[in-house]
1. Can you find even one residue in the stretch 75-86 that is out of contact with any strand residue (DSSP E or B) (no Cβ under 8 Å at 6 or more places or on another chain), outside the structural domain of residue 392 (by TED's automatic domain parsing) and not in a helix (DSSP H, G or I)?
2. Pull up the stretch 37-57, narrow it to residues that are without any contact (Cβ under 8 Å) to a residue 60 or more places away in the chain and closer than 13 Å to residue 1 by Cβ, then point me to the one that is surrounded by the fewest Cβ atoms within 10 Å (Cβ to Cβ).
3. Restricting attention to the stretch 183-196, does a residue exist that is in a helix (DSSP H, G or I) and in contact (Cβ under 8 Å) with a residue 60 or more places away in the chain?
4. Do we find that residue 374 is modelled with pLDDT of 95 or more, in the same structural domain as residue 282 (by TED's automatic domain parsing) and farther than 27 Å from residue 59 by Cα in this structure?
5. Looking at residue 449 and the list (1) modelled with pLDDT of 95 or more; (2) farther than 22 Å from residue 204 by Cα, which single condition is not satisfied?
6. In the same structural domain as residue 96 (by TED's automatic domain parsing), in a loop (DSSP other than H, G, I, E, B), in contact with a strand residue (DSSP E or B) (Cβ under 6 Å, 6 or more places away or on another chain) and touching a residue at least 24 places away in the same chain (Cβ under 8 Å) - does that describe any residue in the stretch 135-158?
7. Looking at the stretch 63-72, is at least one residue part of a helix (DSSP H, G or I), at pLDDT below 95 and surrounded by fewer than 18 Cβ atoms within 10 Å (Cβ to Cβ)?
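The values are calculated or read from the model by the stated rules, or taken from the named source; none is laboratory data. Since the structure is predicted, the reported quantities are computational estimates derived from the model, not experimental observations. A quick note on method: Cβ atoms are made from the backbone with ideal geometry, for glycine too, and the neighbour counts reach across all protein chains shown.
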């Protein structure tokens with residue numbers, strides 16, 4: 001039964017993620033696993049049961065990785081499945097550790113916050129330990145009350161609430177003392193936080209360029225030249241309109257092709273001409289170079305005068321796409337420089353006239369603490385350029401977009417999301433979608449946004465709550481190991 005309960009939690013968690021997207025299950029998704037932890041006395045068995053739940057969860061949510069490795073990585077079907085299963089085994093260990101430790105604290109008066117803290121803290125370790133994706137809190141993006149926590153504690157605040165609620169349901173099902181459920185009385189305090197702002201209308205204009213370039217195209221100099229012309233035509237068709245003001249920003253996606261800005265004089269001239277003609281700031285994904293000549297996945301912005309303003313080099317690289325993790329050295333290269341890309345070392349905020357713009361690239365959307373640094377550094381609007389073409393027509397696109405929406409809500413910033421073939425979208429400071437471009441077509445169009453300057457508590461202070469949860473959860477585990485003091489019984493015969 002405990003094994004079935006662990007597998008049920010995996011299914012419920014996966015069901016909260018697009019495309020199933022049953023987000024209302026988030027507050028109970030962990031309940032079956034917590035019940036199993038209460039029933040199982042052996043930490044080794046709990047570890048294995050949690051590992052099973054983790055393997056099943058990552059398999060169900062990130063199934064698209066197999067296709068990427070098969071098609072783009074050149075591993076074939078068998079190699080793609082082998083590498084993907086190894087990935088699931090590795091990522092499932094987070095669940096295993098949670099289960100091993102969680103079973104230690106499930107019979108105490110502090111069970112609910114301890115379980116929630118362990119889950120939230122271990123979630124925070126996903127990124128530093130190699131790969132992170134859809135966190136439990138992301139399921140709450142359309143829940144108005146839990147979302148009040150986003151600008152205060154970030155997505156981890158929502159994860160904590162959902163995990164504690166699930167633990168409460170588990171304790172109720174197990175008929176634990178009602179006093180252990182009193183922690184749930186803190187949840188109505190969410191109503192005291194400022195409500196999620198109503199829909200905001202933007203007054204500034206930006207242009208999206210979605211070129212819809214096939215990811216499997218073999219690039220020649222002629223193909224690159226043709227792409228430059230296509231991008232130019234698409235840009236001008238929406239960037240210059242009679243009776244319309246010049247757009248503030250023109251956004252090309254993350255490198256849809258190996259666009260070597262510093263080596264390609266034609267590309268430099270194209271961007272400079274477009275910026276001058278449209279009187280706009282043009283942001284583009286390009287391949288840059290480190291001082292030693294190694295490639296970087298970069299974004300540049302060219303000013304209205306045709307001058308290059310600055311360059312940002314992607315800090316968080318994609319496993320398998322831009323670098324190959326040590327355990328997966330047999331994986332072939334997916335992009336032209338995969339395994340050779342070098343990460344950037346600093347967050348760059350672009351000066352765009354009297355305003356400032358932060359540009360983060362693709363996979364970096366899954367790192368809350370990184371995105372907030374752009375805003376803390378002065379960014380009044382955020383731009384997310386991406387090339388989700390490698391995902392194929394899978395749920396990864398919807399998952400990626402939902403994750404990006406949480407970044408907007410955490411920092412109360414508009415996010416302009418420009419992609420190669422979808423999902424190109426505009427996200428308001430509450431995390432709502434105000435404009436979604438039809439995917440899988442070559443197009444360009446205008447969207448509206450607004451510059452904002454206020455800083456949220458999450459922007460100012462970052463992930464202190466998530467790290468405190470990790471420390472507090474581990475402290476609860478340690479505290480549980482100390483034997484409870486019992487007064488010596490008096491000898492009735494004395």
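1. Yes, the stretch 75-86 has at least one match.
2. 39
3. Yes, because at least one residue in the stretch 183-196 is in a helix (DSSP H, G or I) and in contact (Cβ under 8 Å) with a residue 60 or more places away in the chain.
4. Values: modelled with pLDDT of 95 or more: yes; in the same structural domain as residue 282 (by TED's automatic domain parsing): yes; farther than 27 Å from residue 59 by Cα: yes.
The answer is yes for residue 374.
5. It fails just one condition, (2).
6. no
7. yes
Residues are listed down the side, and each one gets a yes or a no for (1) outside any helix (DSSP H, G or I); (2) closer than 30 Å to residue 215 by Cβ; (3) assigned by TED's automatic domain parsing to the domain that holds residue 138:
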{"position": "10", "(1), (2), (3)": "no, no, yes"}
{"position": "25", "(1), (2), (3)": "no, no, yes"}
{"position": "35", "(1), (2), (3)": "no, no, yes"}
{"position": "89", "(1), (2), (3)": "no, yes, yes"}
{"position": "101", "(1), (2), (3)": "no, no, yes"}
{"position": "109", "(1), (2), (3)": "yes, no, yes"}
